[in-house]
Amino acid sequence: MPDPSQFTIDGATYHVGPLPPRRALKLGNRVMRVTGPGLVALIASANGAASLSDLDVSALGAVLHTVFAELTPEEQDAIMAELLATVQVVNGDRLVPVLPIFDAHFAGRLPAALELMWEALKLNYSSFGPALAGLGAKAGAKSNSRGSTTSSLNGQSGAS
């Protein structure tokens, strides 16, 4: 298994290890169950948008509504706990698992907790990005072949 990656967030240093493959796939399934419908809607509404700021605000609202309709507080907590299971924080001269000290460590520092979760997501799932982008491009091409004027994510229109 690869060595952990090191991140400094809000003055604290974290060692984030990758999840074991079966746990990563299982967690990925949970995350996609919650975010998948919203991501599909977001991709469908992209219309060649080059950045998040170029997206239709109503599409973003629909995505957030879908995610929060599926993401219960219990599910969010379970996903976070699994995602941070391999994370340790430097405490003096030793590494300490972050989950047992989560509430005390992140008291008054919720943005740091969210940033740490984002780094753990990127570490474990960034290799899925090209595959998802390819699926989005194919979905855009199928949409174009049915006479739609929607362009694919890479800014090119037409069927492939």
Practice task
Using the structure shown, decide if Ala131 is at pLDDT below 95, closer than 16 Å to Met32 by Cβ and more than 15 Å from the chain's Cα centre (by Cα).
Solution key: no
Handout entry: Residue in region 11-41 that is nearest to Ile79 (Cα to Cα), counting only those that are among the basic types (Lys, Arg) and without any contact (Cβ under 8 Å) to a residue 60 or more places away in the chain
Key = Arg30
Problem - For Met1: the one exception among (1) surrounded by 15 or more Cβ atoms within 10 Å (Cβ to Cβ); (2) at pLDDT below 90; (3) among the hydrophobic types (A, V, I, L, M, F, W, C) - result: (1)
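Any idea which of Glu119, Glu75, Glu115 is under 20 Å from the mean Cα position of the chain (by Cα), at pLDDT 65 or above, surrounded by 14 or more Cβ atoms within 10 Å (Cβ to Cβ) and closer than 18 Å to Met32 by Cβ?
Working: Glu119 fails: closer than 18 Å to Met32 by Cβ; Glu115 fails: closer than 18 Å to Met32 by Cβ.
Among Glu119, Glu75, Glu115, only Glu75 is under 20 Å from the mean Cα position of the chain (by Cα), at pLDDT 65 or above, surrounded by 14 or more Cβ atoms within 10 Å (Cβ to Cβ) and closer than 18 Å to Met32 by Cβ.
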Problem - Qualifying position, being surrounded by 14 or more Cβ atoms within 10 Å (Cβ to Cβ) and at pLDDT 95 or above, among Val67, Val89, Val40, Val34 - result: Val89
Handout entry: Subset tally (residues that are within 23 Å of Ala24 (Cα to Cα), hydrophobic (A, V, I, L, M, F, W, C) and within 23 Å of the chain's Cα centre (by Cα)) for region 78-112
Key = 13
Problem - Selected residue (criterion: nearest to Val63 (Cα to Cα)) from residues of region 4-25 that are out of contact with any strand residue (DSSP E or B) (no Cβ under 8 Å at 6 or more places or on another chain) and surrounded by 13 or more Cβ atoms within 10 Å (Cβ to Cβ) - result: Ala24
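The values are calculated or read from the model by the stated rules, or taken from the named source; none is laboratory data. This structure is a prediction, so every number in the text was calculated from the model and none was measured. As a convention, Cβ positions derive from the backbone with ideal geometry for all residues, glycine included, and neighbour counts pool all protein chains shown.
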